[in-house]
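S.K.: Submitted below is the structure of interest, expressed as structure tokens.
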Amino acid sequence: MQNPIYILCLSALIVPLAIANTDSNRQNFLTAEKALNRGDQKTWKRLQPKLKHYPLYADLLFKQALQKITKATTVQVEQALSDLQNTPLYKTYLKSWLQRLANQRQWKNYVKYYEVDLGNRYQCHYADALYRTGRPEEAFNEARSLWLVGKSQNSHCDPVFAAMKKYGQLSNALIWERIGLAMRKGQVSLVKYLRKSLPQYEQGLVSDWLKIRDKPERILEKKYIESEVPRIQEFVVYGIKRIALFEADKALQEWTKIKSKVRLSEADKRDIERYIALRMTTQRLDGAVDQHRIIPEPDKEILEWGVRAAIREADMKSITQFIDQMGDITTLHDRWKFWKAESAANTGDHATADTLFHTLAVGRGYHNFLAADKVNLPYRFNHKPLQYEDTEIRHLQNHYNVRRAEEFYAMDRINEARREWYYLIKQFGDEDRQKLTYIQKQWGWHSQAVMTIATTDYYDDLNIRFPVVFKNEIKAAITKNNLDIAWIMALVRQESAFQRDARSHAGARGLMQLMPATSQYVAKMLGIRKPKLHDLYQPKININLGTAYLKTNLARFGDNKVLATAAYNAGPGRVKKWLPAAGTMQAYAWAETIPFKETRNYVQRVMSYAAIYDNRFGVDVKRLAQRMRVIRNMADNSSNPKKKDKI
């Protein structure tokens, strides 16, 4: 926002430590809140003076200001914005104010009060406001960034897009650029809508592109292969990639036939071959290593997936060659150090393997534990808890936003407490965030402490990073299902960080992130009442259903924890497709070749976290080699002769 009048000095964020009679103030707050909800101004006015030093006083001012925003003067609005400064409520109120200005077409005021990062709707209005206040160049510059996205834009952008078109600022080149973005995002409806804005001939080209999307083999026709028209050459690149997306071996076969005939640039040819190599690896096809080898000046992604292709094909020499191209081994991620050591051990270079394994074994993490297994060393957990004197953290305990978050947490208003916490940690650097994590631990807010410490560079406080919570609920469920408690703790830690009200973008809910359909399937299997959505936020219900579902995956995959863990994340159908088509494969090798980054990291973290939880429980630590049994072929996954795993 271009209004500096609301900026407060840091000292204004500090409130007195002593607030008399916290319980009384909290009760007054709740009473005042209810009064405002029912429009009882008399009660609100009576309680207002008593609450001026209460941390959540701004929330009451926000509620009152929002109720009056339709008739508020600019003076009243600016006072409200000032009252709400340094709280997350500020942006919420500002958005309501901007929406009123847009509705009333007060464009000059809209430009005056607008701030960045409020969302597309407000940016669209801002571009329109610039145009309507005589600043077309600025308006069109703002609108171009809104235009060049591969999805349908907010309808509030339509007026400024129309102005761009009217004044010749929406060129055919810009339309084609957005069509390309939409095609790559699979937004067919948007492509068809944009097609209408092009001349008749070019509309036909878009129609051709859509036909190629449905049947990419069309690009093998002579009119496409031999075309020197850049637009049609773009279709060729798209078509080969589209074939490779589903059948990379077929794409390679067809590309080999037409490579010498197409009129593409060398950059386009490299792009195609690079894409085919990546898809061959994720589709677990033989020959992927060779395809990676032919890519000139390979980038980081090509080298990393080249290693994974070589792991699947048991090509130890290629593993070493790809890793050597990544750079100095001492600067690489532990993942690649481990695989350099593994390839060295398998090619007779025992000195290199021994050095790297021993170097890795002093650390704490998945690849460190694997290395320790290789050289039979104990796991190093390196626990160093955060410790602070009261004087070191007092300024943070008394910080305005920390007090607000603490008060919300004390009232079990977790969403509001979390919103406040996300807002406040942006104000602090690494050292203070570590102290804030320590404060959260003191409150008992373990799930958020896990989240906060993850934003720092400190990883050695295992009590904070791996809390032991909901142990009774988990112990009861694992006893019923005969499961490994450390494994379940690790899985819950990875799924939700013990946030009982967690909800994913896909709709998974609760501690074990159950999808509603999955929870109902498990309930039916167990012969119990199907849970309502809100039931999935109850720890006992969620853990009972989640562990039962995990047990079914364990049974489905022959009591293999690695496969059951992968299936819990990606689904059993996908895991079956990823299994070796013949023979066996070491579990750590199989895990590294999982095509989904999320699932690959998920499995590796859960396995290492289980060892950490063994340590937290004070029991004998199960080594990764004990939990990660060899991966075997399954009969219902042995029908594809093209996919042969070697190790």
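The values are calculated or read from the model by the stated rules, or taken from the named source; none is laboratory data. Treat the numbers as computed from the prediction; the structure is a model and nothing was measured. Every residue, glycine among them, receives a Cβ derived from its backbone with ideal geometry; neighbour counts consider all protein chains shown. All accessible areas refer to the heavy atoms of the entire protein, side chains included, with ligands and DNA or RNA removed. Shrake-Rupley method; radii C 1.70, N 1.55, O 1.52, S 1.80 Å.
S.K.: When the convex hull of the Cα atoms of the range 440-584 is projected onto a plane and the area is averaged over all directions, what value comes out in nm²? Intermediate values should be presented prior to the final figure.
M.R.: Values: hull surface 40.6 nm².
Answer in nm², one decimal: 10.1.
S.K.: State, as an integer percentage, the relative contact order of the chain based on alpha-carbon contacts under 8 Å between residues 6 or more apart.
M.R.: Numbers: 802 pairs, mean separation 55.4, N = 647.
After rounding, I find 9 percent.
S.K.: List the lysines whose Cα lies under 27 Å from the Cα of Lys441, skipping any in the same chain that are fewer than 8 positions away.
M.R.: Leaving aside lysines fewer than 8 places away in the same chain, those within reach of Lys441 are Lys384, Lys426, Lys471, Lys475, Lys540.
S.K.: Moving on to the next point. Rank Val450, Tyr423, Gln494 by how far each Cα sits towards the positive end of the charge dipole of the range 403-513 (+1 on Lys, Arg Cβ; -1 on Asp, Glu Cβ) and give me just the farthest.
M.R.: Gln494
S.K.: While we're on this one: Along the charge dipole of the range 514-647, which of Met607, Gly618, Met525 sits closest to the positive end, that is, farthest toward it, with unit charges on the beta carbon of Lys, Arg, Asp and Glu (+1, +1, -1, -1)?
M.R.: Result: Met525.
S.K.: What number comes out for accessible area per residue over the chain if the probe is 1.4 Å? Units Å², please.
M.R.: Working: 30680 Å² over 647 residues.
Per residue, the chain has an accessible area of 47 Å².
S.K.: Using +1 at the C-beta of Lys and Arg and -1 at the C-beta of Asp and Glu, which of Ser155, Gly186, Gly168 has the Cα lying farthest in the positive direction of the dipole of the chain?
M.R.: Ser155
S.K.: Now, a different point. Quick one: P(r) of the range 378-458 from all Cα-Cα pairs, 10 Å bins, percents rounded to integers, in order of increasing distance.
M.R.: 17, 54, 22, 5, 1
S.K.: Over all distinct Cα pairs, what is the inverse of the mean 1/r for the chain, reported as the Kirkwood hydrodynamic radius in Å? All intermediate terms of the calculation are to be shown ahead of the outcome.
M.R.: Values: mean 1/r = 0.0341 Å⁻¹.
Result for the chain stands at 29.3 Å.
S.K.: OK, next. Check cross-link reach from Lys259 to the lysines: straight Cα distance under 16 Å, and skip same-chain residues fewer than eight apart.
M.R.: Within the straight-line cut-off, Lys259 pairs with Lys222, Lys223, Lys241, Lys250, Lys269.
S.K.: Here is a further query. Using Cα-Cα distances under 8 Å and only pairs 6 or more residues apart, what relative contact order does the range 164-323 have, in percent?
M.R.: 13 percent
S.K.: Hey, which aspartates and glutamates would be in cross-link range of Lys551, C-alpha to C-alpha under 18 Å, not counting anything within fewer than 8 residues on its own chain?
M.R.: Excluding near neighbours in sequence, the set is Glu473, Asp484, Glu495, Asp559.
S.K.: Taking a ≥ b ≥ c as the square roots of the Cα gyration tensor eigenvalues, with a/c under 1.5 meaning rounded and otherwise prolate when a/b beats b/c, else oblate, which class fits the range 189-259? Write down the numbers at each step before the final one.
M.R.: Working: a/c = 3.09, a/b = 1.66, b/c = 1.86.
Cα axes put the range 189-259 in the oblate bin.
S.K.: Over the range 545-627, how many percent of alpha carbon pairs lie in each 10 Å bin up to the one with the longest distance?
M.R.: Taking all Cα pairs of the range 545-627, the binned fractions are 17, 50, 29, 4, 0 percent.
S.K.: Still on this structure: Compare the peptides 237-248, 347-358 by average per-residue count of other Cβ atoms within 10 angstrom and give them in order, highest first.
M.R.: 237-248, 347-358
S.K.: Sequence-distant or interchain residues sharing an amide H contact under 5 Å with Leu514, placed H: which?
M.R.: Here the answer is Arg509, since their amide H atoms fall under 5 Å of that of Leu514.
S.K.: I would also like to ask the following. Can you give me the P(r) profile for the range 321-388? Cα pairs, bins 10 angstrom wide beginning at 0, each as a whole percent.
M.R.: 22, 48, 21, 7, 2
S.K.: Moving on to the next point. Please report the net charge: other residues with Cβ closer than 13 Å to the Cβ of Lys551, K and R +1, D and E -1.
M.R.: +1
S.K.: What's the magnitude of the charge dipole for the chain around its Cα centre, counting Lys and Arg as +1 and Asp and Glu as -1 at the beta-carbon? Answer in Debye, nearest 20.
M.R.: On the way: 103 positive and 70 negative charges, 518 e Å.
Once rounded to the nearest 20, the dipole reads 2480 debye.
S.K.: Compute and list, largest first, the equivalent-ellipsoid semi-axes of the range 303-444 from the alpha carbon gyration tensor, each √(5λ) rounded to a whole angstrom.
M.R.: Calculated on Cα positions only, the semi-axes equal 46, 17, 13 Å.
S.K.: Over the chain, what percent of the accessible surface lies on carbon and sulfur atoms, probe 1.4 Å?
M.R.: The C+S portion of the solvent-accessible surface of the chain is 49 percent.
S.K.: Quick one: Cα centre-to-centre distance for the range 105-122 and the range 464-508, in angstrom?
M.R.: Their Cα centres are 44 Å away from one another.
S.K.: Continuing with the same structure: Of Lys300/Lys340; Lys215/Lys300; Lys340/Lys577, which ones are farther than 21 Å apart at the Cα? List each step's numbers first, then the result.
M.R.: Numbers: Lys300/Lys340 16 Å; Lys215/Lys300 32 Å; Lys340/Lys577 28 Å.
Violating the 21 Å Cα-Cα cut-off are Lys215/Lys300; Lys340/Lys577.
S.K.: Could you work out the local net charge near Ala244, counting Lys and Arg as +1, Asp and Glu as -1, over the other residues with Cβ closer than 13 Å to its Cβ?
M.R.: In short, -1.
S.K.: A further question follows. Return the equivalent ellipsoid semi-axes of the range 495-647 as a descending list in whole Å, where each equals the square root of 5 times an eigenvalue of the C-alpha gyration tensor. Please report the intermediate quantities before stating the final value.
M.R.: Values: eigenvalues 155, 79, 37 Å².
Equivalent-ellipsoid dimensions as semi-axes: 28, 20, 14 Å.
S.K.: Are there any trypsin sites (Lys or Arg not before Pro) in the range 138-182 that are in a DSSP loop and have at most 15 other Cβ atoms within 10 Å? List them by number.
M.R.: Numbers: sites: Arg144, Lys151, Lys165, Lys166, Arg178; in loops: Lys151.
Filter output for the range 138-182: Lys151.
S.K.: Continuing with the same structure: Heavy atoms only, probe 1.4 angstrom, no DNA, RNA or ligands counted: give me Val188, Val307 ranked by accessible area, highest first. Numbers along the way, then the final one.
M.R.: Details: Val188 40, Val307 0 Å².
Largest accessible area first, the list is Val188, Val307.
S.K.: Name the shape class, rounded, prolate or oblate, that the alpha-carbon gyration tensor gives for the range 250-312, where a ≥ b ≥ c are the square roots of its eigenvalues, rounded holds for a/c under 1.5, and otherwise prolate holds if a/b is larger than b/c and oblate otherwise.
M.R.: Taking the square roots of the gyration eigenvalues as a ≥ b ≥ c, the range 250-312 is oblate.
S.K.: How much mean residue ellipticity at 222 nm does the chain get from its helices, if each DSSP H run of length 4 or more adds -39500 (n - 2.57) and you divide by all residues, to the nearest 500 deg cm²/dmol?
M.R.: After summing the helix terms and dividing by residue count, I get -19000 deg cm²/dmol.
S.K.: Let me know the whole percent of all Cα-Cα pairs from the range 498-559 that are separated by more than 17 Å.
M.R.: Details: 624 of 1891 pairs.
So the portion of pairs separated by more than 17 Å is 33 percent.
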